[in-house]
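The values are calculated or read from the model by the stated rules, or taken from the named source; none is laboratory data. Keep in mind that this is a model prediction, so the values were computed, not measured. Every residue, glycine among them, receives a Cβ derived from its backbone with ideal geometry; neighbour counts consider all protein chains shown.
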Amino acid sequence: MHALQLKSAIGDMVQVRPIREGLATSDRFSLDQETVEPFHIAFRRMVRGLEFDLSEMPIATLGQAIHAGVPIIGLPLPASCRMHHTSILTLPDSDIRGPDDLKGRRVLARSWPQTSGIWIRGLLQTEYGLDLSDIHWIVQEGPHVPQFKDPDFVQLEESEKSLVALLKAGKVDAITGLHGVPEGTRPVISNAREAGAEWFSRTGIFPVNHVLCVHRDVLDANSWLIEEVTELYEKSRKIAHERGDLESSKHGLPSGLELYKAGLEENRKSMQMLVDFSIQQQILPASITLDSLFV
């Protein structure tokens with residue numbers, strides 16, 4: 001038994017999966033891992049109840065929590081990354097043939113600060129010239145951090161039904177925030193994977209959604225954790241690489257790219273864009289800086 005045991009909630013993305021599987025371990029601490037379903041509930045439990053010592057956390061929620069005084073801090077270790085041109089979906093027979101057809105439509109997300117929604121809304125603005133105020137935005141729940149409220153133009157319509165079920169029932173015209181393209185839906189953006197690859201070729205950005213974060217009290221008592229958790233992440237990434245899980249072509253990108261790198265500078269361009277989008281979408285205050293979110 002290690003002297004230090006950390007209660008943790010880490011997702012199942014390929015680069016951190018070896019940690020969940022117990023294949024990547026530390027010599028200085030052990031993890032008491034909790035499986036949370038649906039996984040986004042873990043974020044709420046962390047920012048509202050500090051129920052974990054080490055947790056995965058969306059960058060926007062991390063920013064809201066730190067601004068609200070929640071004693072957590074980010075580690076620049078990407079726990080979730082993906083391309084987002086497929087992150088807005090409609091029905092196959094919809095008359096929405098492209099982003100411009102979203103004007104005046106009802107678009108549903110689980111929550112406004114949900115990371116994939118931030119990314120796709122930012123892309124709709126910067127790549128396709130949409131004014132977000134031309135779209136009727138609906139969410140199923142409020143932010144994880146209770147001190148924050150959604151913008152006035154975002155309408156809350158609570159529902160126990162899934163996003164896809166509400167889309168198929170005709171309650172909304174499009175949905176955002178799902179991982180993948182479920183059967184019976186299609187991306188609003190035509191040739192979405194190709195569009196994402198072209199965007200990557202211009203920007204060099206592989207979007208980071210979530211990072212790891214740690215309870216401040218735990219870190220203050222164990223300053224060596226920064227280096228040790230980083231080493232654990234690198235062990236996990238190495239295992240994932242060796243078994244082919246990190247192949248960049250799986251994201252529609254050129255083969256052989258080195259993705260999921262650790263470190264703030266290695267991910268600054270991506271994470272800064274996400275913070276900028278979050279400020280523009282009234283999710284984070286304009287005063288917040290990327291560097292203030294990480295040790």
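Things worth noting here:
- Enumerated helices (runs of 4 or more DSSP H) restricted to region 203-295, each holding at least 1 residues that are of a type in the set (S, T, Y) and buried (at least 21 other Cβ atoms within 10 Å of the Cβ): 225-242, 264-280
- Selection over region 26-53 of residues that are in a loop (DSSP other than H, G, I, E, B) and either closer than 15 Å to I73 by Cα or of a type in the set (D, E) (or both) gives a count of 7.
- Screening L75, L89, L6 for residues that are among the hydrophobic types (A, V, I, L, M, F, W, C) and closer than 29 Å to A192 by Cα leaves exactly one candidate, L89.
- The set of residues from region 162-194 being charged (D, E, K, R), under 22 Å from the mean Cα position of the chain (by Cα) and farther than 16 Å from I96 by Cα comprises R193, E194.
- Any chance F200 is within 13 Å of R82 (Cα to Cα) and touching a Cys at 6+ places or on another chain (Cβ under 6 Å): no
- Pair list, Cβ under 6 Å, 6 or more apart: region 279-295 residue within 12 Å of P113 (Cα to Cα), other residue in a loop (DSSP other than H, G, I, E, B) and at pLDDT 95 or above: I279/A286; Q282/P151; I283/P113
- Single match in I175, I189 (criterion: surrounded by 22 or more Cβ atoms within 10 Å (Cβ to Cβ), of a type in the set (A, V, I, L, M, F, W, C) and assigned to a strand (DSSP E or B)): I175
- Some residue of region 98-121 being acidic (D, E), over 26 Å from L62 (Cα atoms), in contact with a Lys or Arg (Cβ under 6 Å, 6 or more places away or on another chain) and modelled with pLDDT of 95 or more: no
- Residue within region 88-108 that is crowded, with 19+ Cβ neighbours inside 10 Å, within 14 Å of the chain's Cα centre (by Cα) and either outside any strand (DSSP E or B) or assigned by TED's automatic domain parsing to the domain that holds E198 (or both) present: no
- If you go through region 247-264 and keep only what is polar (S, T, N, Q) and either touching a Pro at 6+ places or on another chain (Cβ under 9 Å) or farther than 17 Å from S201 by Cβ (or both), you end up with just S248.
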